[in-house]
Structure formats: structure tokens, C-alpha cells
Amino acid sequence: MQLAFIHNLGKYFVFMGSLFTNRESFKTYFKLTIDECVLIGVNSIVLVSIVATFMGAVTTLQTAYNLVSPFIPDYVISLVVRDMTVLELAPTIIAVIYAGKVGSSIAGNLGTMRITEQIDALEVMGINSSSYLVLPKVVASILMYPLLVIIAGILSLTGGYLVGVLLNIMSPQDFIFGIRDGFNPFSIQFALIKSVAFAFLISSISSYKGYYTQGGALEVGIASTQAVTTSVIAVLFADYLLAQLLL
Amino acid sequence: MIEIENIQKSFDDKSILKGISGVFEKGKTNLIIGASGTGKSVLLKNIVGLVKPDVGVVKYSNRDFTNANRDLKTEIRREIGMLFQGGALFDSKTVEQNVMFPLDVLTTAPVDEKLDRANFCLKRVGLENTNNKMPSELSGGMKKRVGIARAIVNNSQYLFCDEPNSGLDPQTSILIDNLIKEITLEYNITTVVVTHDMNSVMEIGEKIMFLFEGHKLWEGNNSDIAKTDIKELNDFVFANRMMRNLRDS
Ligand SMILES: Nc1ncnc2c1ncn2[C@@H]1O[C@H](COP(=O)(O)OP(=O)(O)O)[C@@H](O)[C@H]1O
Ligand SMILES: [Mg+2]
């Protein structure tokens, strides 16, 4: 069990190394990366938006429900929502969604290419298939995921605002005041650093799982599921590690 | 011409190829035959460099491919075309993009030149007006044709086909077999076909290598194949009733 883990980890690092050897021209990668960016955006924007909006709305409701004391001013609610959104909800919860949508699709796509010998076809042509197929996905993830997190953050706060104001929990002025009060700009930086790390982990782990699929359609399904599970665990672990290191 | 010398390959201590040598001649359709699971595909993968042999050497026209440096490997790879069992078409690309793909990555030719060449090859394999179809819209036989067009588009000197007629009806199988044979003659290339299909053997087997459990047991052509006293080969050849009836009549 431990041996298998170490074996996989080593194989994963070798795989990562292979992405940077014997590459195609920059122009080829540029086009592939743009295509992947579009695909990632189309794949995930709707779900991410829905989840983020509700996340903000529910957090506002629950915070308001818990802060009933007359000594705590209303604006604390939006302050709490803001800190939770920026520090944890947007980068980390959306990462779980992202792993489920984009990670599983990456693994399924590469797994299918493996079992239908499309990867072998690339190799016979002398193309470094891991680099050709995986590098654009990883780069596109690193570019797109922070954008998704920013959108998710904005939508989450919007969701909070709508619920807070429409349900008369607090006044618009209080909400805005709470959003600004004691704001630490580093929390945005921290969220973006986390986003880049999570995007790298999810895309590379999912690629690894897909690329080394063996067998048939059933194994492609298993690879997809494993890609999600493994990347989510890696994300949560990295989340803890980064908080420990940077906060 | 391709020469292989003493090719051995094991996976996880399980020996699959136990020292196979032979020559595949230019201008001929060279067959590798044998029952399923004997290592035909593994041998083919060793020859094209998808798998590195544990022992042994593969030579393309006297150039050592197995121990070649990167430049020579790239040079030889550019001369190789391969048709995979299921076609292995890139399913996110159209037929035209699939056939043009080797030119896109291996050459610097202008787009209209590449397009002309791709269309020429598609026409050669009998496919017109399918340029904008996706692989999922094609029948099995059409996929193989596109696969062949993609394999020869870069003027390949060596053509490899793994089970070119698996999953096809007998008539389409023979069409594909003959297409491969015609292309081999027309362009005077070295073609290696892996098959377990006796119809193909009788149809296009001008040079045949018979594998059994990782060994090469016999070599010859389709007029000799029924006249040996090698038990394993006879079991393979006469597995089907029609062949047995022919022999007994
Ligand atoms: N990558 C691999 N790893 C482990 N075993 C393999 C691998 N490829 C093929 N084999 C094994 O090698 C044997 C021969 O397979 P193959 O060459 O595909 O047979 P066939 O003659 O039907 O083409 C099979 O037992 C198969 O399980
Ligand atoms: Mg096979």
C-alpha cells in the first residue's frame, strides 16, 4: 500500500518531467492551450457560477442566524462572508467542483485516447505525447482557474448581498461597509496563490491518471473517478500546507 | 527493408517475445500471423519503437533504430506510417484534419499544399466528400481507410498495420487487404501486417512469419503454408472448416 503510493508518486514526478522534454514549437502549444482554455471555460463556468452564488447566499443566511446578539453590528455579517469567501470558499470549494468537472473530463479524455491507441499514434509520429497532450491542459488550468475563482468570489459576495438586502437582514450600506472593513489585501494574493497551486494539482493529477489508463471503457471510468478523488485529497492537503506556510 | 535480430521482451517477468529474428522486404506485404495473445502486437510495437526491446536490434534499411540517437530516430519515424487496430483517429478532429495531422507536425509545407496531399491520399483510399466528417460518424471500414490515408500521407517508406480487418465484414476486409497490397506495390514501400485472419493470409500473404507463444515457428508464403508438418501451424491454418474441407478434398 505505502509502496504503491511511493511508486505512483515517483512515476508522477517522472511524468511531470516528461512534459518539459522534447517539445513541439511554441506556436503549436499556443494554439492547443487556447483551445483548452475555451474548453475549460465552457465546461465549468455555469456550475461554478451557480455554486458560488448559492455559497455566498447560504453563508450570509447562516452567519446572520448565528449572530443574533444586539451587541454585534450588522456589518459583521458581510465581513465574515467576505473573509470566508476569499480565504476558503472560493478557492477551495470551487476546486472540488473544478476537480469534478474539469479533472474528470481530462482523465476521461486522455484515458479514451490511451485505450483507442490515439496516444500510440502520436508517439509513432515522433511526438512526445505527454507533453503535447498534457502541457496545454496544465497551462490552461493555471490560467483559467484563478479567473474562475475571481468570478466565484464576486458572485459569492453578490449572492450574499442579494440575500442580505432582499430579506432585510441588513442594509446595503452595512453590507458594503462590512465588505471593506479591516480588509487585508494579502488575502486576495493568498487566494490566487492557492488557485494556481490547486489548478496545477488537479490538472496534472487528472492527466496522470488518464494518461496511464490500461484496459477498456470500464478502466477509463475508474480513472476518471480516481482522478477526482486523488485531486481533491491533494487539494485539501495543499490547502492545509499553504495556510500553515503563508498565513 | 526492415531487419529484426533476436528481439526479446518481457513484461513484469513474463516473457512475451523469446528471441525473434527476420527480414521484412521492400515492395512486399509482409505478414506476421498467429493466434491471439501470442505477442504479434507487442512485436509490432517493438519494431516501430513504441516499446523498447529488452534484447535485440531493429534495423530500417541498415540503420540501427533501436540504439539510434534522437536525430536518427526522428528521421526514421518520419518515414513510418501506422494503421492501428481501431483506426486510432483523433476523435476531436475531422477526417481532413486527421489526415493532414502528420504533415502539420512533421513538415513545414504551406497549408494548401498539405490540403492537396491529404485530399490525394483520401481519394487514393476511396474516400471523397468525407473531409468534414468526425470519426464517430464513420463506419469501421471507413475509419480504417482514413487510418491508411493518414499513415501514407507523409510519403511513408514503411507501413505497419495491426489487424487491419478486425471488426470488418469479409468483403470489406478483402477490400482493405487489397488496398494495402496495392499501395505497397504502387509506392514500393515495406509493409508489415499483423493478422490472425486466414482470409488475409490467403489473399495477400506473399511473405509470412508465424508466431507461436513468443517464438517464430515458421516462415514462408501462402502457397506453402498448408503444406508443412508443423503441428501448431496446421492447427492455426486448419482451425476453420472451409480450410479443412479444402485440404481433405
Ligand atoms: N504493456 C503490456 N504490459 C503487460 N503485458 C502486456 C502488455 N502488452 C501486451 N502484454 C501481454 O502480452 C501478450 C501478447 O499480447 P499481444 O501482442 O497484444 O497479442 P496479439 O498476438 O493478440 O497481438 C498478452 O498476454 C498481453 O497480455
Ligand atoms: Mg494484437
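Of the residues A:171, A:199, A:130, the one whose Cα sits farthest toward the positive end of the charge dipole of the range A:119-247, with +1 on the Cβ of Lys and Arg and -1 on the Cβ of Asp and Glu, is A:171. Under conditions of 4 °C and 1.567 mPa s, the range B:1-87 yields 95 µm² s⁻¹ as its translational diffusion coefficient, taking Rh as the Kirkwood radius over Cα pairs in the Stokes-Einstein equation. Other residues within the sphere of radius under 14 Å centred on the Cβ of residue B:23, judged by their own Cβ, net out at 0 (K and R +1, D and E -1). Comparing A:182, A:215, A:160 in a Gaussian network model of chain A (Cα springs below 10 Å), the most mobile by mean-square fluctuation is A:182. This ranking places A:37, B:161, B:121 by how few other beta-carbon atoms lie within 10 Å of each, fewest first, which gives A:37, B:121, B:161. Of all DSSP-defined beta bridges confined to the protein assembly as shown, some 55% are antiparallel rather than parallel.
Can you give the percent of C-alpha pairs in the protein assembly as shown whose distance is more than 37 Å? Result for the distance tail: 42 percent.
Taken over chain A, the alpha-carbon convex hull comes to 150 cubic angstrom per residue. GNM on chain A, alpha-carbon springs under 10 angstrom: the most fluctuating residue among A:167, A:157, A:122 is A:167. A Cβ-based charge dipole, computed about the Cα centre of the protein assembly as shown with Lys and Arg at +1 and Asp and Glu at -1, lands at about 300 debye. The dipole here belongs to the range B:88-156: it is taken about the Cα centre, uses +1 on the Cβ of Lys and Arg and -1 on the Cβ of Asp and Glu, and is about 300 debye. When the Cα positions of B:44, A:66, A:221 are compared along the charge dipole of the protein assembly as shown, B:44 comes out farthest toward the positive end, with charges on each C-beta of Lys, Arg, Asp and Glu. Using just its DSSP H runs of length 4 or more, each adding -39500 (n - 2.57), chain B gives a mean residue ellipticity at 222 nm of -11500 deg cm²/dmol after division by all residues. Spread over its residues, the convex hull of the C-alpha atoms of chain B is 131 Å³ per residue.
Bridging of residue B:18 to lysines at a Cα separation below 24 Å is possible for B:9, B:40, B:45, B:52, B:59, B:207, B:216, B:231, once same-chain residues fewer than 8 apart are set aside.
Counting DSSP beta bridges in chain B, what percent are antiparallel, to the nearest 5?
In chain B, approximately 55 percent of DSSP beta bridges are antiparallel ones.
The convex hull defined by the C-alpha atoms of the range B:160-249 has an orientation-averaged projected area of 6.3 nm². Each helix, a run of at least 4 DSSP H residues, gives -39500 (n - 2.57); summed and divided by the residues of chain A, these come to -27000 deg cm²/dmol at 222 nm. Cross-link partners of residue B:114 among lysines, defined as those whose alpha carbon lies under 19 angstrom from its own and excluding same-chain residues fewer than eight positions apart: A:27, A:31, B:93, B:123, B:133. Among B:227, B:73, B:123, the residue with the largest mean-square fluctuation in a Gaussian network model of chain B, with springs joining Cα atoms closer than 10 Å, is B:227.
A short reminder: the numbers here are calculations on the coordinates, not readings from a lab. Source: prediction; values computed, not measured. Note that we place each Cβ from the backbone using ideal geometry, even for glycine, and neighbour counts take in every protein chain shown.
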